[in-house]
Amino acid sequence: MEDYKFLFKVVLVGNAGVGKTCLVRRFTQGLFPPGQGATIGVDFMIKTVEVDGEKVKLQIWDTAGQERFRSITQSYYRSAHALILVYDISCQPTFDCLPDWLREIEEYANNKVLRILVGNKTDREDREIPRHIGEDFAQRHGMYFLETSAKEAENVERLFMEIAVELMEQAKCKELPKYDGSLGPINGKTSSVGDGSCCLR
Amino acid sequence: MSLTLLLEKYDVSTEDGLQKALSEIEKEECEVNESLSNALSRACTLEGRLRTASQAYCKLGEVRNDAQVAADMVEKTALLARDVSAKVRQLDLARSRVAECQRRVHDLIDLRVCSAGVDAAIRAHDYETAAGHVARFLSMEPGSVAAARARGAPDPRRDMDAAANTLRDHLVRKFEEASKKEDEAAIERLFKLFPQIGRAEEGVDLLSKYLASQLEVSIRRAATVSELRGDAAVFADSLTRVLECGAAAVERARRLLASAAAPPAQSAHVLLPRAVAVIQPTICAGVRRVCQEMMAARKLVLTDKADPLSVEHALGELALAHSRLQLYFGFLRRRAEVESNMDEAAKSACSEAIENLILGCDATRTAQDVLSHYLTLERYYLEESVNKALKLSAAAGSCSLVDDVFFIARKVIRRSISTGSVDGACAVLNEAGAALERCGAALRRRLAAPPPEPLPFPPPGARPPAAREPGAAPYLQLVGEAAAGAEWAERLAGEACRDAEALCRSERARAKLRSCAAGLGAAAAAFRAAHELALGALRAALAPSAHQWADALVDPDPDSEELDEEANALPAALEALAEEARAAVPHSADALLGGVLAELLARAERTMLRSAYSRAGGLALERRARRLAAWAGGGAPAARERAGALCAAAALLAVERLAHAPDALPPRAPLSPAAARDVLARRTDFKLEDIKRLKL
Ligand SMILES: Nc1nc2c(ncn2[C@@H]2O[C@H](COP(=O)(O)OP(=O)(O)OP(=O)(O)O)[C@@H](O)[C@H]2O)c(=O)[nH]1
Ligand SMILES: [Mg+2]
């Protein structure tokens, strides 16, 4: 068995080109990839971080923003512990699409999933969405909010670390949904197949 | 001794003194004479030596002269040698110059022949010869041509360039004529001439364009679906034909490229991707046409929310179509690898170019659309099928719910793997996991409320019911299904990983697949939870009867008439229960019996410690406890120890006299001395002080 105590699934969603892949690669590999191509389907990365001296394994699913991959990406919502919804602060249409994304999340994700709104590309001069507009939106929909720049490595580490901390707290309070919210907690065993999808080990 | 010293030493004024001095002088004279004669005798040998020395000196002079001569000679030889090697070098240079001159002379002769020949050859439509001339010209050293010009000859390059251009124009025209006539032999012949005149790329473009135009016709033929039969995979078949035509064209281009007079090695890896780039759009257009028709024909008609089975056929066809597209892409990737005349670097450059072509081409997007369409339909199929199974099983009270849903899940997972897409398989694994979890949750809900008497376990004295509870059998079947479901979910995950292994082209893809398959573990947990809940409910349902049995077991006032029959009553009831349980819930019977018996025994112990026993009562209890322990030994191993403890306590209650108590305890009895004293205190005829004093 691997050396970690918690396993969390984090799924990134949002329009094509808002910088989801760049955020993930900045966090997992510490780089800003030049000429990052559009993601095909779903990409998958793992990073183990430490919170309060405990190893937390983050399984990060980077979904493609393009419409034609929707039927693939939707299938990942359900088992997510945290959903990061990303828009581009220099591109109004990516912000305007947020309600559509929320509908998707409503439909496919667990209703207790941790949701974070992220405005990316703060390094850009041509900002179109002021910070408070994003903040308002997040507050109205009960989401955490953060502005980031994958390019300048601003707030990226913080984004994922805060998610890890928050999820761990939830897990410790046994609030974390094991599956289908209506079932209530079952004894915290994971299955013997591979990773299991439960967080507690 | 000097004279002054002599004079000081001796008094020469006296005779005696003089005499002494004289004798001294005489003695000295003798000594001097002796050493003189010694010296004289040595002079002889010295002279001899001197002579030899002077002779040797003379000889040395001669040797020196000889050596000087030799040194001079060596120096002269070295000088000569240097001279010779310089000459040789010059000779070499001269020879290579001669060779170069010869080559240039050849070149010049050839140049003249070429310039003259190329026009003649073109006029004679002998393009092979003409191309040969141009190839010869291209292979000439620029120096030769320059030299020819320097000598005042008319610049041959202009002529040759003009000739080469004319030839190229001719070749292109001829190629186009041959294309129009579909004169394959001429086309292949002409194509091979382009690399010779230094225009390999142009040749590849012309050939690819020709192949593409040919392909357009055959693809149009392949892409027409004449008869829209609902039951056959007409579109997938048509797509297969389109892709086969395309693959044949690509392969033909590759073969011709390989057989054409070897182009400069460094451009070989450029030519194949270049050919594919020209041919591919035609294939893409055909692919899109067929796939669009297919998706229009095989779409979900949500108005007839009838049978999910109605989309099965469409699903199969979509999966097949997608896998065919993947197969074609695999074929393209391998084209770069089968090229044998490329080195490793060129090969990987070629592979990369092909990979980029695949990534950017329209057929890739079409494949993504087909996959998306497939997944949408597959999700509908899965949801509806599972809903149907759930409804059916609820209506019928029970049937093979787990069998049904796992049959469905396995079918959709296998079908998704057959698409050839890891992402497709992953998405369906996720969906299947969700559906199974839903199923486990539904099971759990239904198992939460068991019928009043799920298993026959009548309390003591009661007759077994004549007719079984009508809800019992279906309920028990569901319990078994919950247990089977957990096992199935895990088996399915392993199976999926194994089957989809071949699709993974990278370690990342493999990890992705494994993680999605592991999602089925959550479904397994849901089934397990349902199973646990059911076992709890069953135990709860059996509890009232078990309590009555517990009380009867430790009853202090036995009906002394039917001691034997009475002692056998509980094992008999348990055996009946066990038989039923093993038949109805084979996987869970042991756990269930163990649980029931443990609860029964715990209550019996508690009650026993609150009752008072006569010896007769103790004896009766002991008999019953022994029978029960004997049954537990075979029927419920989990409760054996607990039954042993009760048995030991009963043995204590059955002793005739308190003093016998220590012997009544079997060795390693599961009773502490304190517990044993507590038990003994329940005998009405034993005094507390005696019990306290007893050595246990
Ligand atoms: N200036 C700036 N550019 C960024 C930043 N993050 C991403 N980009 C650029 O945005 C473009 C798209 O980035 P991706 O990470 O590929 O976007 P994505 O959301 O993954 O897109 P899809 O995979 O198609 O859904 C790239 O050209 C990046 O260079 C950022 O923080 N600042
Ligand atoms: Mg991306």
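Computed from the coordinates by the stated procedures, all read-outs in this text should not be read as laboratory data. Here the structure is a predicted model, which is why all the values come from computation and not from measurement. Using ideal geometry, Cβ is built from the backbone for each residue, glycine included, and neighbour counts are taken over all protein chains shown.
Values for this structure:
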quantity	calculated
Of the criteria (1) within 17 Å of the chain's Cα centre (by Cα); (2) near ligand 1 (Cβ under 9 Å from one of its atoms); (3) surrounded by 17 or more Cβ atoms within 10 Å (Cβ to Cβ); (4) more than 12 Å from chain B (Cβ to nearest Cβ), which one A:Phe32 fails	(1)
Residue count, the range A:110-155 (criterion: away from ligand 1 (no atom under 16 Å from the Cβ) and in contact with a strand residue (DSSP E or B) (Cβ under 6 Å, 6 or more places away or on another chain))	8
Among (1) farther than 25 Å from A:Ala153 by Cα; (2) in contact (Cβ under 8 Å) with a residue 12 or more places away in the chain; (3) away from every other protein chain (no Cβ under 11 Å); (4) not polar (S, T, N, Q) - the single one A:Pro99 does not satisfy	(2)
Qualifying residue in the range B:403-422 (condition: among the hydrophobic types (A, V, I, L, M, F, W, C), surrounded by fewer than 24 Cβ atoms within 10 Å (Cβ to Cβ) and over 27 Å from B:Arg445 (Cβ atoms))	yes
Sole residue being near ligand 1 (Cβ under 10 Å from one of its atoms), within 25 Å of A:Lys172 (Cα to Cα) and touching a residue at least 12 places away in the same chain (Cβ under 8 Å), chosen from A:Leu7, A:Leu12	A:Leu12
Meets criteria (within 13 Å of chain B (Cβ to nearest Cβ), touching a Lys or Arg at 6+ places or on another chain (Cβ under 9 Å) and over 26 Å from A:Asp136 (Cα atoms)) for A:Phe44	yes
Hey, B:Ala629 touching a residue at least 12 places away in the same chain (Cβ under 8 Å), closer than 25 Å to B:Ala591 by Cβ, crowded, with 21+ Cβ neighbours inside 10 Å and in contact with a helix residue (DSSP H, G or I) (Cβ under 7 Å, 6 or more places away or on another chain) or not	yes
Residue match in the range B:343-359 (condition: within 16 Å of B:Arg324 (Cα to Cα) and in contact with a helix residue (DSSP H, G or I) (Cβ under 9 Å, 6 or more places away or on another chain))	yes
Members of the range B:182-207 that are of a type in the set (Gly, Ala, Ser) and without any contact (Cβ under 8 Å) to a residue 60 or more places away in the chain	B:Ala185, B:Ala186, B:Gly203
Helices (runs of 4 or more DSSP H) contained entirely in the range B:417-523, each with at least 3 residues that are closer than 27 Å to B:Arg582 by Cβ and more than 8 Å from chain A (Cβ to nearest Cβ)	B:422-447, B:472-500
Residue match in the range A:2-25 (condition: away from ligand 2 (no atom under 16 Å from the Cβ), buried (at least 20 other Cβ atoms within 10 Å of the Cβ) and away from chain B (no Cβ under 14 Å))	yes
Some residue of the range A:74-89 being away from chain B (no Cβ under 14 Å), over 16 Å from the mean Cα position of the chain (by Cα) and over 21 Å from B:Lys512 (Cβ atoms)	yes
Residue list for the range A:31-56, restricted to those being without any contact (Cβ under 8 Å) to a residue 12 or more places away in the chain and at positive phi	A:Gly35, A:Gly53
Residue in the range A:47-63 that is within 13 Å of ligand 1 (Cβ to nearest atom) and surrounded by fewer than 19 Cβ atoms within 10 Å (Cβ to Cβ) present	no
Among (1) assigned to a helix (DSSP H, G or I); (2) more than 15 Å from ligand 1 (Cβ to nearest atom), the one test that A:Leu23 misses	(2)
Qualifying residue in the range B:225-232 (condition: surrounded by 20 or more Cβ atoms within 10 Å (Cβ to Cβ) and of a type outside the set (Asp, Glu))	no
Test: residue in the range B:339-350 that is within 14 Å of chain A (Cβ to nearest Cβ) and touching a residue at least 12 places away in the same chain (Cβ under 8 Å)	no
Residues satisfying the stated conditions in the range B:647-664, i.e. assigned to a helix (DSSP H, G or I) and out of contact with any Phe, Trp or Tyr (no Cβ under 8 Å at 6 or more places or on another chain)	B:Cys647, B:Ala648, B:Ala649, B:Ala650, B:Ala651, B:Leu652, B:Ala659, B:His660, B:Ala661, B:Pro662, B:Asp663, B:Ala664
Residue tally, condition aliphatic (A, V, I, L, M), part of a loop (DSSP other than H, G, I, E, B) and within 16 Å of ligand 2 (Cβ to nearest atom), over the range A:125-169	1
